[in-house]
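A.B. asks: Supplied in structure tokens, the structure appears directly below.
The values are calculated or read from the model by the stated rules, or taken from the named source; none is laboratory data. Remember, it's a predicted structure, so these values are computed and weren't measured experimentally. Using ideal geometry, Cβ is built from the backbone for each residue, glycine included, and neighbour counts are taken over all protein chains shown. For accessibility, only protein heavy atoms count, side chains too; no ligands or nucleic acids. Shrake-Rupley method; radii C 1.70, N 1.55, O 1.52, S 1.80 Å.
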Amino acid sequence: GVQTCALPILLACKSKGGSSKFVVNGKIENATISKVYLEEIPLNTMSQTVIDSAVPAKDGSFKLKAVSSEERIYNLRFAGSQYPALSLINDESEVDVKIFFDAAQPAGAFPDHFKIEGSKASNSLLNYMLRFNSQMQSIFVDAQKLDSVQKANKMDLSFESYQRSIARKGGELKS
């Protein structure tokens, strides 16, 4: 599945022989962001380093650049947020990104969805992360139900059902 195709991409990063440029052309829809940061995430340390930043134009467009000698993971992070909005892989020299916010959400909300063009590896990573997050949310809901059943001292079939569901979903995350 999608889950298994992202990991080989990350683990099989190969040298491009010399340095090459990586350009992110971005556009933010339905939100005003004061600054966008491009952070490099080396696989050996996983510590983020800001490589470039941009102030988006009035139409939400921005351009970020990096130079790297090998494929790496990069995060796009917005000013004022400690968490990245999106992760990318520089498997191609240029990638186009559209970041969509739900206009009904308050300022500072997380993006609603993304569109990535020009990078198969980045799309695979995005799909993996979306699936992973969805499964984790489902496990969290089951864990809350299990907790409620335990607190009500109703150790019946629903308790066992929630336990089995959590174990099955956890196993799916591992595969």
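A.B. asks: Can you give the accessible area of residue 38, probe radius 1.4 Å, in Å² rounded to 10?
C.D. replies: Answer for residue 38: close to 0 Å² accessible.
A.B. asks: Here is a further query. For a Förster distance of 25 Å, can you work out the FRET efficiency between the beta-carbons of residue 32 and residue 140, rounded to the nearest 0.05?
C.D. replies: Details: r = 31 Å, r/R0 = 1.24.
In this case the efficiency is close to 0.20.
A.B. asks: On the full set of protein chains, 1.4 Å probe, figure out the accessible area of residue 29 and give it in Å² to the nearest 10.
C.D. replies: The accessible area of residue 29 comes to roughly 50 Å².
A.B. asks: Hey, another quick one. Excluding residues on the same chain fewer than 8 positions from residue 115, give the aspartates and glutamates whose Cα lies under 13 Å from its Cα.
C.D. replies: 29, 96
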